[in-house]
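One structure is given below, encoded as structure tokens.
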Amino acid sequence: MNKNILLALSVLTITACGNSNANKPMDDDQPKKVNMADSIAGDWIVTGDEATNEMSDTMGVTLKKDGSAQSINMPTYQYRKWTLKNDTIIMNAVSTAEGMPADTAVNDTGIVDFKANTITLLGGDIVYKRRQAESNNAGK
């Protein structure tokens, strides 16, 4: 009887250890993980009716892969960092606008539409659009 139990355990051990990769898909079959920081990094700008008439330059935010952020042509509203969870982005800024206490912390929350390349801020009419990379061949 002890021999039968020993034989059964040996067969189970060999079966379990010998076929450990049988149920794993090959690397080509595995979905590719997308780094969200890579997919959202870049310049996001306000265009059209959302831009104020006082600013002739493009306004917006640069989102960096490391989670830091930088305002584009907004000297009194400085983005500092950002976080993303699913399609919701929170961008932290410091406002030094006239009439506000010095260095007022502000959190802008928006919804990212990856297909349309837009970030729509909640509670307002501001929509950031991804700035397309300028082509080096534009003048050729």
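Rolling a 1.4 Å probe over the protein heavy atoms of region 68-122, with every protein chain left in place, gives an accessible area that is 53 percent carbon and sulfur.
For Thr62, the shell of other residues with beta-carbons less than 10 Å away shows a net charge of +1, using +1 for Lys and Arg and -1 for Asp and Glu. In this structure, the amide hydrogen of Thr96, modeled 1.01 Å from its nitrogen in the peptide plane, lies closer than 5 angstrom to those of Tyr77, Gln78, counting only residues at least 5 positions away or on a different chain.
Taking all protein chains as shown and a probe of 1.4 angstrom, Ser95 keeps an accessible surface of around 0 Å².
The values are calculated or read from the model by the stated rules, or taken from the named source; none is laboratory data. These figures come from a predicted structure and were not determined experimentally. Here Cβ is always computed from backbone atoms with ideal geometry, including for glycine, and neighbour counts include all displayed protein chains. The accessibility values were calculated without ligands, DNA or RNA, using every heavy atom of the protein model including side chains. Shrake-Rupley method; radii C 1.70, N 1.55, O 1.52, S 1.80 Å.
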